[in-house]
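The block underneath contains the structure these notes are about, expressed in structure tokens.
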Amino acid sequence: MTKSPKPKTKKARLIQMLTRKAGADVATISEKLGWQSHTTRAALTGLRKAGFEIVAEKPANGKASCYRITAQPADAA
């Protein structure tokens, strides 16, 4: 079984993280992509403006919000 190649762009890596069932929080995304937290939040806004539907889920235990992509624009496929 071969693994699929890593996405080349940070945007592609961000989309990949957000399409996982568990999603990702700002701290995790920032660490993985080498971004500051405000850059990560701006990237999430950019994806929303591009037509991605992103939901934020706030866990009841006081942890950070997790973001997930629930729908992508037709031209993103």
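Of the residues that sit in the stretch 51-70 and are open to solvent by less than 50 Å² (accessible area, probe 1.4 Å) and not in a strand (DSSP E or B), which one is farthest from residue 15 (Cα to Cα)?
Across the stretch 51-70, the extreme among qualifying residues is 59.
Residues are listed down the side, and each one gets a yes or a no for (1) more than 14 Å from residue 70 (Cα to Cα); (2) in contact (Cβ under 8 Å) with a residue 12 or more places away in the chain:
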site	(1), (2)
17	no, yes
37	yes, no
43	yes, yes
46	yes, no
51	no, yes
55	no, yes
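Could you please find all residues in the stretch 37-53 being hydrophobic (A, V, I, L, M, F, W, C) and under 11 Å from residue 24 (Cβ atoms)?
Within the stretch 37-53, just 44 meets the criteria.
Yes/no per residue for (1) among the aromatic types (Phe, Trp, Tyr); (2) at pLDDT below 95:
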position	(1), (2)
1	no, yes
21	no, yes
35	yes, no
42	no, no
45	no, no
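Does the stretch 11-28 hold any residues that are in contact with a Phe, Trp or Tyr (Cβ under 8 Å, 6 or more places away or on another chain) and either farther than 15 Å from residue 58 by Cα or not in a strand (DSSP E or B) (or both), and which are they?
Of everything in the stretch 11-28, those that are in contact with a Phe, Trp or Tyr (Cβ under 8 Å, 6 or more places away or on another chain) and either farther than 15 Å from residue 58 by Cα or not in a strand (DSSP E or B) (or both) turn out to be 15, 18, 23, 26.
The values are calculated or read from the model by the stated rules, or taken from the named source; none is laboratory data. Predicted model only: the values in this text are computed from it and were never measured. We place every Cβ from the backbone using ideal geometry, glycine too, and count neighbours over all the protein chains shown. Note: accessible area is taken over every heavy atom of the protein model, side chains too, but ligands, DNA and RNA are not part of it. Shrake-Rupley method; radii C 1.70, N 1.55, O 1.52, S 1.80 Å.
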